[in-house]
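The values are calculated or read from the model by the stated rules, or taken from the named source; none is laboratory data. Computed from a predicted structure; not experimentally measured. Heads up, the Cβs are rebuilt from the backbone with ideal geometry, glycines too, and the neighbour counts pull from every protein chain shown.
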Amino acid sequence: MARIMGYRGGYTAQDRRQIEAQMFEGKLMGIVATTALELGVDIGTLDCVVTLGFPYTIANLRQQSGRAGRRNKDSLSVLVGDCFATDQHYMQNPDELFTKPNSELQVDLENMLVLEGHIQCAAYEMPIRPVEDAKYFSKDLAKIAEERLIKDELGYYHCHDRFRPVPSKFVAIRDTEEDHFAIVDISHGKNIVLEELEASRAFFTIYDGAIFLHQGNSYLVRDFQPDRMIAKVEKVKVDWTTQQRDFTDIDPVETELIRRIPGSLSSAFHGSIRITQNVFGYFKIDKKRRILDAVQVDNPPIIRHSKGMWLDVPKRALEILVDRRLNVAGSIHAAEHAVMSLMPNFVISMPGDVRTECKIGLKEFAQKETQRKRPARLTFYDAKGGAGGSGISTKAFEFVDLLLVQALKRVEHCYCEHGCIECVCSELCKHANEVMSKAGSSVILKALLNMSIDVEALPMGPEEMSPVGVETVVLAKPVPGKGRVPVCGE
Ligand SMILES: [Zn+2]
Ligand SMILES: [Zn+2]
């Protein structure tokens, strides 16, 4: 029997219960887990927790550390810093790990699924009084209570039977509304669900010909049926994995909220985002991450919607970039990464919860004219939560000016020359940080903040890693809204 097992939320309930029980009974020495084990799962108390990479909020780190420690016995919690900007911040300021308060929690009270769960749990603990309790749960509480709770003869509302006996069991702590894809193992005539995969991850992980990893074993995706939300896989013995090649256009389609950036003519925008993903092939990659083969595929684009925020790059910045021959797409991409990687400092979130439009060298360095001219814009969107978003980019939007200031600081104070994982590069980059201009990113951030830019001090391009191609970026045009769009921060 394996003494160490892998564990993640997508495993079948049966597999998870078995791993949890084995850990509880001491049959396992350890579990290598995603954050799925962070809370709400009983595996007994552990002797040691090793957190690989800062889990993006202090609250998560404290939860994880708390898994170790029995009464009267010593325990150990180790944080191994990753190369991300946030990790490096804490590696340089370790005291903050103990002193910094937990950051603000984001609960979307507009989302009925989320809201009802909280109300049912609260009503279970203490009957709800719609008028007095409205301040906690939204002004619609009376209506929700009438429709979904049980009223007693005194006028108090109680948890509905549907949620009993333990209402908290019906409330998922994360991934509340996301669709899941079933990964079905068909090896040797089997037909069993191996695990479930969140829709937002599915398109990056499964496609015909992909290698899917489960408990250290390789499975070949034989038949991916996006409409039926299943992928049939077969166990194979291969020493390579696959990496999807695609380009994704992230386009704001409707402005819903505008926020002025103090002291600047620029604004940040919030609203609906359309995500168009075109998969054109994949790489076969060996253990040393060498490319063995490039396979072409011909799939129709996958279109999804979400919420997000965006900032249009000021004309002044574009002119300076062109003047200094700094790669415009690379400058935008670098600025996007710098801002995105700092979001967890402001909002409880995980890496990958908010994504951006990553630039691909295949297009940006091409010598021939492109059909895909992109607006000069920093765009961020919620990777989870469906068309309504997860609320994380909405929260980040509130702090956008602070985010810009911090991002600029990080770029300027980083000792690297051309950009590194601690400033403008990201391990989450879909295109391996190939198209990057660190110098250009500071031009954009400064222009957005209306700060002066010392043009003479900028390097003269083209930069070493950015071959000159056809310009792929054009000045962004405002995205329309419905009627008069509310402006905050004035
Ligand atoms: Zn750097
Ligand atoms: Zn990227």
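Just one of (1) buried (at least 20 other Cβ atoms within 10 Å of the Cβ); (2) part of a loop (DSSP other than H, G, I, E, B) fails for C416. It is (1). Applying the criterion of being away from ligand 2 (no atom under 16 Å from the Cβ) and surrounded by 24 or more Cβ atoms within 10 Å (Cβ to Cβ) to the residues of segment 376-388, the residue that is modelled with the lowest pLDDT is K384.
Here V470 clears all of (1) modelled with pLDDT under 90; (2) more than 16 Å from ligand 1 (Cβ to nearest atom); (3) touching a helix residue (DSSP H, G or I) at 6+ places or on another chain (Cβ under 7 Å) except the condition numbered (3).
Restricting attention to segment 301-344, and to residues there that are among the hydrophobic types (A, V, I, L, M, F, W, C) and part of a strand (DSSP E or B), which single residue is farthest from ligand 2 (Cβ to nearest atom)? If you could, list the steps in order and put the result at the bottom.
Going residue by residue through segment 301-344, those that are among the hydrophobic types (A, V, I, L, M, F, W, C) are 302-303, 309-311, 313, 317-318, 320-322, 326, 328-329, 332, 334-335, 338-340, 342-343.
Retained after the next criterion (residues that are part of a strand (DSSP E or B)): 302-303, 309-311.
Working: I302: 19, I303: 21, M309: 17, W310: 16, L311: 16 Å.
Applying the filter and picking the extreme gives I303.
Scanning segment 190-217 for residues that are among the basic types (K, R) and at pLDDT 75 or above returns a single hit, K190. Candidates are the residues of segment 345-360 that are more than 11 Å from ligand 2 (Cβ to nearest atom) and more than 10 Å from the chain's Cα centre (by Cα); the one that is surrounded by the most Cβ atoms within 10 Å (Cβ to Cβ) is V347. Scanning segment 442-475 for residues that are outside any helix (DSSP H, G or I) and under 17 Å from R259 (Cα atoms) yields a count of 2.
Just for segment 255-298: of the residues that are among the basic types (K, R) and surrounded by 15 or more Cβ atoms within 10 Å (Cβ to Cβ), which one is nearest to W310 (Cα to Cα)?
Taking segment 255-298 first, the residues among the basic types (K, R) are 259-260, 274, 284, 287-290.
Retained after the next criterion (residues that are surrounded by 15 or more Cβ atoms within 10 Å (Cβ to Cβ)): 259-260, 274, 284.
Working: R259: 11, R260: 12, R274: 12, K284: 34 Å.
The extreme case among them is R259.
Inspect all residues belonging to segment 439-450 and state whether any of them is in contact with a Phe, Trp or Tyr (Cβ under 7 Å, 6 or more places away or on another chain), away from ligand 1 (no atom under 13 Å from the Cβ), hydrophobic (A, V, I, L, M, F, W, C) and touching a residue at least 40 places away in the same chain (Cβ under 8 Å). The answer is no, given that none of the residues of segment 439-450 is in contact with a Phe, Trp or Tyr (Cβ under 7 Å, 6 or more places away or on another chain), away from ligand 1 (no atom under 13 Å from the Cβ), hydrophobic (A, V, I, L, M, F, W, C) and touching a residue at least 40 places away in the same chain (Cβ under 8 Å). Looking across segment 404-451, the residues that are among the β-branched types (V, I, T) and more than 14 Å from ligand 2 (Cβ to nearest atom) come down to V405, V411, V443, I444.
Taking segment 308-327 on its own, how many of its residues are under 30 Å from E398 (Cα atoms), surrounded by fewer than 20 Cβ atoms within 10 Å (Cβ to Cβ) and touching a residue at least 12 places away in the same chain (Cβ under 8 Å)? Even if it seems obvious, please write down each step before you answer.
At the first step, the residues of segment 308-327 found to be under 30 Å from E398 (Cα atoms) are 308-321, 327.
Filter again for surrounded by fewer than 20 Cβ atoms within 10 Å (Cβ to Cβ), leaving 315-316, 319.
Okay, now just the ones that are also touching a residue at least 12 places away in the same chain (Cβ under 8 Å), so 315-316.
Counting residues in segment 308-327 that are under 30 Å from E398 (Cα atoms), surrounded by fewer than 20 Cβ atoms within 10 Å (Cβ to Cβ) and touching a residue at least 12 places away in the same chain (Cβ under 8 Å) gives 2.
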